[in-house]
Amino acid sequence: MSDLQSPTTGKNGAGTATAGKASEEAPTEATAGADEPTATRRRSLLPQSTLLRHLLVLLIAAVGAVVLLEITDPFTNSQLATLTYYAIAAGGLTVLTGMNGQISLGHGALMAVGAYTTALFLSADEPLPLPLILLAAIVVATAVGALVGVAAARLHGPYLAGATLALAVGLPGLAIYFHDVLGGEQGMRVRAPRAPEVFESFISAVSGNSATNTKWLAYLGAICLLITYFLLANLIRSRIGRTWRAVRDQEVAAELAGINLGAWRVLAFVVSAAAAGLAGGVLALVVRLAAPSGFTLVLSLALLTAIVIGGLGSLLGALLGSALLVFLPPFVTDLGAGWGLDNTEAAQLAPFVYGVVLIVAMIFAPAGVVGTLRMRWLTRQAKRSAAQPSRG
Amino acid sequence: MTAIAAATAASTLAACGGSDDGGGDGGGGGDAGANEASDIGITEDSIKLGAHFPLTGVAAPGYSEIPTGADAYFDCLNEAGGVNGRTIDYIYRDDAYNPTTTSQVVNQLVLEDEVFAIVGGLGTPTHSAVLDFLNSEGVPDLFVSSGSLLWGADPETNPYTFGWQTDYESEGKIIGEYIAENFPDAKVGLFLQDDDFGEDGEAGIRQYIDDQIVAAERYTPGNTNVGPQIAALQAAGADFVVGFNVPSYTALSQLTALQLGYDPQWFYSNVGSDPTLVGNLLNNFSQGQVSDASLLDGALTTDYLPTVDEPDNPWVQEFQRIWDECGGEGELTNYRIYGMAQAYTTVQALQAAGQNPTRDDLVEAIEIAGGDWEGPVLAPFRYSEESHMGTAGMSISRITGDTTEQVEPVQLTDIGDAPIEPYDGEPAEVPENGIPNEESVID
């Protein structure tokens with residue numbers, strides 16, 4: 001078992017330990033609450049079927065996204081657009097790392113694949129419809145992800161980190177090597193297609209705001225994000241998700257149960273590569289550029305940071321972690337400027353505070369924001385059920 | 001001269017009037033009517049300008065000093081009354097030389113800070129990311145800190161964007177002609193950054209000495225091993241190496257050549273030749289074994305601005321005064337002079353755009369009047385309706401110890417097959433307080 005799995009395992013372990021002291025039957029419920037869909041049996045307010053429940057959440061999230069995008073100013077809209085592509089990629093990564101226990105430092109490179117695919121398709125004289133282009137970005141990134149996944153399935157822990165690190169460092173170099181097609185160091189500029197008229201009438205009907213291009217891109221990102229998270233959430237709750245967790249937690253037991261470890265690992269890598277490809281496509285549209293300097297190792301590490309801070313294996317955690325990536329640096333810079341620092345010093349404050357937040361999170365919330373909260377909640381549940389021994 | 005003096009007096013009076021009023025109607029002195037909030041980012045008494053620079057990360061050394069120079073210039077300008085009674089509110093944000101971040105901070109500048117114009121945004125890949133955005137939003141995108149042809153060669157596509165420094169192709173042409181005339185027997189090797197910087201420079205230089213070039217080696221930014229490239233230049237027998245590279249690669253190429261015992265005549269293009277920065281980098285990379293830029297002794301380079309090693313130059317003296325009075329910590333450097341000179345041109349543009357300019361007025365003013373502006377930049381700009389390219393010329397000088405010595409006066413040219421001609425204009429005189437006095441060209 002690699003180090004990387006310890007936060008998640010630690011979470012379950014801690015839950016079990018605390019619960020175990022309190023009552024004999026609590027452990028199963030506590031662990032189940034963290035990972036297993038069976039825990040939903042007792043929820044009465046939400047629909048029984050996972051699919052229906054997720055559809056309901058999707059609907060609420062969609063309404064929430066529209067409200068959020070309409071009550072905020074254009075700059076926040078553009079920040080939310082940025083948030084969507086980080087969150088899509090982080091969602092994919094959290095499936096790989098949190099659910100399947102594989103680490104990847106190469107997701108920035110997979111995003112580059114998606115971004116360049118999108119840029120190439122959009123640079124055609126008569127570009128295809130946007131959904132098809134984004135689909136192409138997903139397909140190409142998935143193909144690359146499958147290749148890497150085959151190699152990755154045989155590797156573990158630091159070796160896997162090393163292999164994917166090579167991907168992160170090497171792949172953007174291709175853009176420089178094939179500079180005639182891919183634009184070299186200065187990259188390919190992307191002209192995002194204009195918003196369709198449907199969108200303009202939708203916005204004027206909903207809020208009467210002006211349907212700017214920034215808003216359109218934010219909506220586009222939000223749509224992609226919701227679809228991705230809906231699909232990933234279903235996958236996590238399905239047999240596939242359970243198998244991934246089995247592979248992550250107990251290799252030997254999983255293999256004895258007839259699970260082909262390698263194949264399932266490759267599948268996890270492929271799914272997460274697909275998300276990274278879509279994230280790259282959205283990034284190219286939002287940033288209006290696909291350039292190697294946008295896909296450095298820093299991007300891959302930022303994604304990893306996001307899912308660790310947010311809570312490994314949790315889509316909500318990936319979303320929260322991405323929000324931190326997007327909103328913290330400008331917030332700190334403005335705070336620094338408010339304290340009378342000059343612009344240069346204020347800018348240098350941001351990476352510092354980011355580092356401090358990371359360290360503090362590791363010390364006080366090692367399971368991430370969502371993981372820690374969930375653990376607290378489970379501990380309380382276990383204590384409560386211990387206080388009522390007759391039930392059960 | 002008297003006319004200039006009178007104009008100075010008038011503008012000073014107007015400025016004083018503005019401050020005496022306590023900001024009521026702004027700098028409404030004079031007969032041109034009151035200041036109005038004529039467009040986004042302009043109020044009765046202020047103009048908001050924005051910029052993106054690498055303040056952190058690998059590109060920060062050197063480049064992060066540019067906005068501090070501009071900031072000092074604007075501070076002194078504001079103390080002297082600003083432009084038409086308006087003070088300049090200059091906001092620069094960090095993009096760490098990452099295009100993704102550039103897009104975010106420029107969104108912030110335009111949508112949240114609501115600047116009137118972007119001024120001096122640095123870098124080719126970084127600024128590329130916001131080129132379409134700024135032009136589609138109609139935000140003036142002045143004086144990009146990069147010599148790419150993207151900013152000025154196609155004003156129809158990018159009507160709001162203006163270049164400022166000499167483009168790399170023109171620079172290549174001037175270097176090529178100089179070599180053809182002064183080193184006709186040299187075997188020339190090219191050391192190029194593998195992007196449009198190296199490409200444009202190579203295209204320019206090949207127009208003049210294509211037959212003299214024995215090798216063209218390219219490096220990828222980020223890969224710090226340039227041994228293969230330098231060895232290939234040595235093996236090809238090049239005794240004259242022209243580098244279109246950034247400062248860190250000047251230091252790397254010098255150290256590598258030292259290790260290989262390779263000693264050609266070096267010629268570094270303007271971007272990579274700042275002796276102070278290269279000296280620091282050499283010290284850094286060699287872990288103290290090479291402590292200053294002495295390796296650069298005898299190397300040739302190009303200039304389009306006066307530099308700190310010309311303490312007698314009146315512009316440098318004026319910038320030194322501004323830095324001492326309004327600057328922050330540290331010394332005046334060539335990068336700070338660059339920032340101040342860019343700020344100077346910005347003020348010329350704002351003055352030419354009239355008392356209550358709109359964003360479109362600003363662009364129109366530069367197209368109409370920009371070609372005639374004089375200032376610290378050695379050669380005139382090419383601004384017109386057909387071209388948004390910046391300055392057109394360069395001088396060539398030799399680095400000797402701590403100073404440079406001019407070996408060829410300013411030459412003028414343009415992109416394409418435009419000829420190279422010596423510039424016969426006089427160096428511009430420094431106006432009072434280092435503040436230009438352009439007349440409004442907008443009705």
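Could you rank the peptides A:289-297, A:236-244, A:368-376 by their average count of other C-beta atoms within 10 Å per residue, with the highest value first?
My ranking of the peptides, most packed first, is A:289-297, A:368-376, A:236-244.
Just to confirm the number: angle between the C-alpha axis of helix A:239-249 and the first principal axis of chain A, 0 to 90 degrees, nearest 10?
70
Could you pull out which residues in region B:59-101 have an amide N less than 20 Å from a spot 7 Å beyond the Cα of B:Asp292, following the Cα-Cβ vector?
What the label zone holds, given the 20 Å backbone N cut-off, is B:62.
In region B:168-303, with Lys and Arg counted as +1 and Asp and Glu as -1 at Cβ, which of these residues, B:Leu281, B:Ala216, B:Tyr178, has the Cα nearest the positive end of the dipole, that is, farthest along it?
B:Leu281
Return the residues of region A:348-367 for which accessible area with all protein chains present is lower than in the chain on its own by 20 Å² or more; set the probe to 1.4 Å and exclude ligands, DNA and RNA.
Hits at the 20 Å² cut-off: A:Gln348.
Can you give me the distance in nm between label points at A:Val67 and B:Glu331, each placed 7 Å from the Cα along the Cα-to-Cβ direction?
Modelled inter-label distance: 6.0 nm.
Determine, from the Cβ-Cβ distance of A:Leu358 and A:Glu200 and an R0 of 56 Å, the FRET efficiency 1/(1 + (r/R0)^6), rounded to the nearest 0.05.
Using R0 = 56 Å, I get an efficiency of 0.85.
Quick one: Karplus J couplings for region B:133-146, per residue in order, coefficients 6.51, -1.76, 1.60, θ = phi - 60°, nearest Hz, x for Gly and Pro?
Running phi through 6.51 cos²θ - 1.76 cosθ + 1.60 with θ = phi - 60° gives 4, 5, 6, 6, 7, x, 9, x, 10, 8, 6, 4, 7, 5 Hz.
Take the alpha-carbon positions of region B:292-350, form their convex hull, and give its projected area averaged over all directions (one quarter of the hull surface) in nm².
Here the figure is 5.3 nm², rounded to one decimal.
Give the residues of region B:70-87 whose amide nitrogen is closer than 19 Å to a point set 7 Å from the Cα of B:Arg321 in the direction of its Cβ.
Once the point is set 7 Å along Cα→Cβ of B:Arg321, B:70-83 turn out to lie under 19 Å by backbone N, inside region B:70-87.
Given R₀ = 60 Å, FRET efficiency for B:Arg398-A:Ile223 by Cβ-Cβ distance, to 0.05?
For R0 = 60 Å, the calculated efficiency reads 0.50.
Relative contact order (percent) for chain B, with alpha-carbon contacts under 8 angstrom and 6 or more residues of separation?
Across chain B, relative contact order equals 16 percent.
How far apart, in nm, are the 7 Å Cα→Cβ label points at B:Glu36 and A:Glu251?
Distance between the two pseudo-spin positions: 7.5 nm.
In whole angstrom, how far apart do the alpha carbon centroids of region B:168-239 and region B:369-387 sit?
After rounding, the separation between the Cα centres reads 29 Å.
To the nearest 20 debye, what is the magnitude of the charge dipole of the protein assembly as shown about its Cα centre, counting +1 on the Cβ of each Lys and Arg and -1 on the Cβ of each Asp and Glu?
8020
Return the calculated 222 nm mean residue ellipticity for chain A, to the nearest 500 deg cm²/dmol, obtained by summing -39500 (n - 2.57) across DSSP H runs with n ≥ 4 and dividing by the residue count.
Only helices count here, giving -25000 deg cm²/dmol.
Tell me, what HN-Hα J-couplings in whole Hz come from the Karplus equation 6.51 cos²θ - 1.76 cosθ + 1.60 at θ = phi - 60° for each residue of region A:209-215, using x for Gly and Pro?
Ordered by residue, 3J(HN,Hα) equals 5, 7, 7, 6, 5, 4, 5 Hz.
Below 8 Å between Cα atoms, with a sequence gap of 6+, how large is the relative contact order for region B:168-303 in percent?
22
Residues with amide H under 5 Å of B:Arg93's amide H, sequence separation 5 or more or different chain, H placed in the peptide plane at 1.01 Å from N; which?
It is B:Ala51, B:His52, B:Phe53, by chain and number.
For B:Leu412, enumerate residues with amide H under 5 Å from its amide H, sequence gap 5+ or separate chain, H modeled in the peptide plane.
Distant-sequence amide H within range of B:Leu412: B:Glu421, B:Tyr423.
Given a 1.4 angstrom probe, I'd like the percentage of the accessible area of chain A that is carbon and sulfur, rounded to a whole number.
Roughly 68 percent of what the probe reaches on chain A is carbon or sulfur.
Can you give the helix-only mean residue ellipticity at 222 nm for chain B, where every DSSP H stretch with n ≥ 4 adds -39500 (n - 2.57) and the sum goes over all residues, rounded to the nearest 500 deg cm²/dmol?
Computed ellipticity for chain B at 222 nm equals -12000 deg cm²/dmol.
Compute, for chain A, the length of the dipole vector about the Cα centre, with Cβ point charges of +1 (Lys, Arg) and -1 (Asp, Glu) only. Units Debye, rounded to 20.
The calculation lands at about 1380 debye.
Quick one: of the DSSP bridges fully inside the protein assembly as shown, what percent are antiparallel, nearest 5?
Taking every DSSP beta bridge with both residues in the protein assembly as shown, the antiparallel ones total about 35 percent.
Given axes a ≥ b ≥ c from the Cα gyration tensor, I'd like to know whether chain A is rounded (a/c under 1.5), prolate (a/b larger than b/c) or oblate.
prolate
What's the ranking of A:183-193, A:143-153 by average number of surrounding C-beta atoms within 10 Å, highest first?
Ranked from most to least packed, the peptides come out as A:183-193, A:143-153.
Checking an interface number: how much accessible area is buried between B and A, summed over both chains, with a 1.4 Å probe, in Å² rounded to 100?
2800
Would you mind pulling out the separation of the Cα centroids of region B:311-337 and region A:332-392, in Å?
Taking the Cα centre of region A:332-392 as reference, the centre of region B:311-337 is 46 Å away.
For a test of the definition: using alpha carbon positions, the gyration tensor, and the 1.5 limit on a/c, classify region B:168-303 as rounded, prolate or oblate.
Taking the square roots of the gyration eigenvalues as a ≥ b ≥ c, region B:168-303 is prolate.
Set the Förster distance to 25 Å, then compute FRET efficiency between A:Asn209 and B:Glu156 from the Cβ-Cβ distance, nearest 0.05.
0.20
What's the magnitude of the charge dipole for region B:168-303 around its Cα centre, counting Lys and Arg as +1 and Asp and Glu as -1 at the beta-carbon? Answer in Debye, nearest 20.
For region B:168-303, the charge dipole is close to 420 debye.
Relative contact order of chain A, please, whole-number percent, based on alpha carbon pairs below 8 angstrom and at least 6 residues apart.
30
How far, in degrees from 0 to 90, does helix B:275-285 lean away from the longest principal axis of the Cα atoms of chain B, to the nearest 10?
60
Of the accessible area of region B:168-303, with the probe set at 1.4 angstrom, what percent is carbon plus sulfur?
43
What is the protein assembly as shown by shape, rounded, prolate or oblate, if you read a ≥ b ≥ c off the alpha carbon gyration tensor as root eigenvalues and call it rounded for a/c under 1.5, prolate for a/b larger than b/c, and oblate otherwise?
prolate
Suppose we compare each residue of region B:115-131 in its chain alone and in the full protein complex with a 1.4 Å probe; which ones drop by at least 20 Å² of accessible area?
B:Pro125, B:Ser128, B:Ala129
Let me know the number of lysine pairs in the protein assembly as shown closer than 26 Å at the Cα, not counting same-chain pairs under 8 apart.
Lysine pairs satisfying the spacing and distance rule in the protein assembly as shown number 5.
Can you tell which of A:Met188, A:Leu128, A:Val369 lies farthest toward the positive end of the dipole of the protein assembly as shown, using +1 and -1 charges on the Cβ of basic and acidic side chains (Lys, Arg; Asp, Glu)?
Farthest towards the positive end: A:Val369.
Which of the peptides B:140-146, B:320-326 is most tightly packed, and how do the rest follow, judged by the mean count of other Cβ atoms within 10 Å per residue?
B:140-146, B:320-326
Restricting to chain B, compute how many DSSP beta bridges are antiparallel as a %, nearest 5.
35
Going by a 1.4 Å probe on protein heavy atoms, which residues of region A:282-298 end up with at least 40 Å² less accessible surface in the whole assembly than in their chain alone?
Correct list: A:Val287, A:Arg288, A:Leu289, A:Ser293.
If amide H atoms are built 1.01 Å from N in the plane of the peptide, which residues on other chains or at least 5 residues away come under 5 Å of the amide H of B:Ala428?
B:Gly375
So with the 1.4 Å probe, I'd like the accessible area per residue for the protein assembly as shown, rounded to whole Å².
41
Per residue of A:194-207, count partner chain C-beta atoms within 10 Å of its C-beta, then hand back the mean as an integer.
0
Go through region A:129-138 residue by residue and turn each phi into a ³J(HN,Hα) via Karplus (6.51, -1.76, 1.60, θ = phi - 60°); whole Hz please, and just put x for glycine and proline.
x, 4, x, 5, 5, 5, 4, 4, 4, 5
The values are calculated or read from the model by the stated rules, or taken from the named source; none is laboratory data. Please read all numbers here as calculations on a predicted model, not as lab measurements. Ideal geometry is used to build each Cβ from the backbone, glycine not excepted, and the neighbour counts take in all protein chains shown. The protein model used for the area step is the full one, side chains on, heavy atoms only, and it has no ligands, DNA or RNA in it. Shrake-Rupley method; radii C 1.70, N 1.55, O 1.52, S 1.80 Å.
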